[in-house]
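The values are calculated or read from the model by the stated rules, or taken from the named source; none is laboratory data. Keep in mind that what you see is a predicted model, and the values were worked out from it rather than measured. Cβ coordinates were reconstructed from backbone atoms using ideal geometry, including for glycine residues, and neighbour counts include every protein chain displayed.
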Amino acid sequence: MVTSRRDVIRKKKAKAAYRSAAGSSISAKASPSSTLKESPGLAGVDVWILKRALSEAKSISALGAAIASNPETPSPELVRSLQAEENWWRRIENELPSMSSTETAAFLGAKVTNRNFASSQRAAGRLLGYARRQAIRYPKFQFDLQRGTVLPVIPELLALTRDLDVPDEDLVLWMAAPSSAFADQHRPVDHLNDREQLLAAAEAHFGAIW
């Protein structure tokens, strides 16, 4: 089913509001590990269980702050969608390494003093980056690691998706997910060297949604 542009925009605005509030709440709290170090009387208690409990409590607190900051009552479907997206991002981070802005600039041969190199290249549509935990990460899959360059198909992909007003984060999510556009449900990220098929798949996918 084709989703209307208005519905997509409304949903993304709601998600952005919750992500922003959740990010602020999380950044303002101590990490589970630091909390454990400061807590006396934990001898004989399974530390892993404590860490997991603290982590879950932190997540609940962040979600509560996000919901409270939005004047509209969120639907259970939206809350589940947000959690599913967060889980997917964590899987992406585990499977597809990324670099910081500084690491990206150094990899591409920019001067160490040029702190805005990666962000300017991203703004110009020559680098793919995504916002994560109040920072921009640059996935390594877009680089030719032997030559120290950006793969030629990346600027083309960005030109296509940005022309459709697709956020770079959505492009990364699509790249990392199995797709029926490829044999055996392969991920788009596994076909970076198949320029024509990759661009056609991206246009078919995002063109239908956006």
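Filtering the stretch 93-119 to residues that are assigned to a helix (DSSP H, G or I), crowded, with 17+ Cβ neighbours inside 10 Å and of a type in the set (S, T, N, Q) leaves SER101, THR104.
Can you confirm whether PRO167 is over 16 Å from the mean Cα position of the chain (by Cα), touching a residue at least 40 places away in the same chain (Cβ under 8 Å), surrounded by fewer than 16 Cβ atoms within 10 Å (Cβ to Cβ) and outside the structural domain of TRP89 (by TED's automatic domain parsing)?
Values: over 16 Å from the mean Cα position of the chain (by Cα): no; touching a residue at least 40 places away in the same chain (Cβ under 8 Å): yes; surrounded by fewer than 16 Cβ atoms within 10 Å (Cβ to Cβ): yes; outside the structural domain of TRP89 (by TED's automatic domain parsing): yes.
Considered against the rule, which asks whether it is over 16 Å from the mean Cα position of the chain (by Cα), touching a residue at least 40 places away in the same chain (Cβ under 8 Å), surrounded by fewer than 16 Cβ atoms within 10 Å (Cβ to Cβ) and outside the structural domain of TRP89 (by TED's automatic domain parsing), PRO167 comes out as no.
Look at the stretch 173-188: where a residue is under 15 Å from ILE154 (Cα atoms) and a partner is assigned to a loop (DSSP other than H, G, I, E, B), sitting 6+ places away or on another chain with Cβ atoms under 8 Å, you get MET175/ARG187; ALA176/LEU96; ALA176/ARG187; PRO188/ALA177; PRO188/SER179; PRO188/ALA181; PRO188/PHE182. As a summary of the residue check, TRP88 satisfies the conditions (1) over 18 Å from ASP168 (Cβ atoms); (2) within 15 Å of the chain's Cα centre (by Cα) except for the one numbered (1).
Only one of the listed residues (ARG162, ARG122) is closer than 19 Å to ALA201 by Cβ, in contact with a Gly (Cβ under 8 Å, 6 or more places away or on another chain), assigned to a helix (DSSP H, G or I) and basic (Lys, Arg). That residue is ARG162. What pairs can you find where one residue is in the stretch 127-144 and in the same structural domain as GLU156 (by TED's automatic domain parsing) and assigned to a helix (DSSP H, G or I), the other is surrounded by fewer than 22 Cβ atoms within 10 Å (Cβ to Cβ) and aliphatic (A, V, I, L, M), and their Cβ atoms are less than 7 Å apart, with a gap of 6+ or different chains? Cβ pairs passing all conditions: LYS140/MET99; PHE141/LEU96; PHE141/VAL189; PHE141/LEU192; GLN142/VAL150; GLN142/LEU151; GLN142/ILE154.
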